[in-house]
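Presented below is the structure to which this report refers.
The values are calculated or read from the model by the stated rules, or taken from the named source; none is laboratory data. All values reported here derive from a predicted model rather than from experimental measurement. Cβ sites come from the backbone with ideal geometry, for glycine too, and all protein chains shown count toward neighbours. Accessible surface is based on the protein model in full, side chains and every heavy atom, while ligands, DNA and RNA are left aside. Shrake-Rupley method; radii C 1.70, N 1.55, O 1.52, S 1.80 Å.
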Amino acid sequence: MLRTVLVYGVLLAALMAGPAYAQAAAEDQRSQQIESFRDEVAALHTSGLDSGGLEFARRVSRQYETLRAHYRPMSSLTDRELLDLFKATTTAIFYTNDAAYLPDIVVAFDLLERRGQATEKVRSDIRSSLVRVRAFDEMAGQGLASETDAPALKHAPGLNQDLPLVIRADGSGRPVVENYQWQKGLSVIVVYGPHCAPSKKALTAISADRELAGFFRERAIWLMPVDDDLHVAAMMQLAKDPASSNVAVAYNRSSWPQIESWTTPMFYFFSDGKLTEVQKGWPSDTQLEAIRRGVLSSGSDNGSVR
């Protein structure tokens, strides 16, 4: 009898330990995945790979896709795991601006809020991510929208989603989403950072060159990357410069396949919409001559640029 009781006791303990063991194993695996994700992103930064480039974004995306598969269902996660996933998702959105990750961050935020874990830092991070993926309706639905974070966007009629999309500031300072229209002949896209010192130096040097300033005023768009700010004030200020009357913010990355890197500043030269040359960075004002050569080699019909 005693032996029977002991056997049943061992079996019962084993049955009870099974789910606990499985849960512990799953938690350990998730812990390893989050560490792997962090290590991979850190390694990418030290690899010399362009953090604003497509390949960097692809690698972050691949690592995140591996990670997220282990964090389902989210409702079963501990508070710590949920916060880890939330942070990883904001990192993925930061580098990729991929709206495919919107459901992840929204569900994670909802659960954190229900559990009383939605700190001000969490709320700030989701606001930033939602602006990056242009999820302004979601911001309003979550009670996170403000005029500072997301001024009311107006959409131009007849938007073509297959063409590049930009945000411009209208005469009253209201942001408007519209299509970018390629110019015939030579055109230039300058990827410009409003808080980037080399970008500002590039603009100052080009504006001081009468010939190039006129060319860039007529043939260039100064395009700010997707960010957690719509840069309306910066657009209006930049438009006053002699070389940068055409200013916009990229609405998303996906509608701009021509841009391989959103590092600032970048100069993309096009002829009838086809890429002909790329100039990267502004190490010094000697770059001005490289820009001049880029204009000429790309087929400028502006005889004043010599």
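Values for this structure:
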item	result
Close pairs (6 angstrom Cβ cut-off, 6 or more residues apart or separate chains): within 24 Å of ILE291 (Cβ to Cβ) and open to solvent by 20 Å² or more (accessible area, probe 1.4 Å) in the range 166-192, of a type in the set (Gly, Ala, Ser) and in a loop (DSSP other than H, G, I, E, B) anywhere	TRP182/GLY273
In the range 53-105, the residues that are assigned to a helix (DSSP H, G or I) and among the β-branched types (Val, Ile, Thr)	VAL60, THR66, THR89, THR90, THR91, ILE93, THR96, ILE105
Only listed residue being in contact (Cβ under 8 Å) with a residue 12 or more places away in the chain, farther than 30 Å from ASP125 by Cβ and open to solvent by less than 50 Å² (accessible area, probe 1.4 Å), chosen from SER207, SER261, SER245	SER207
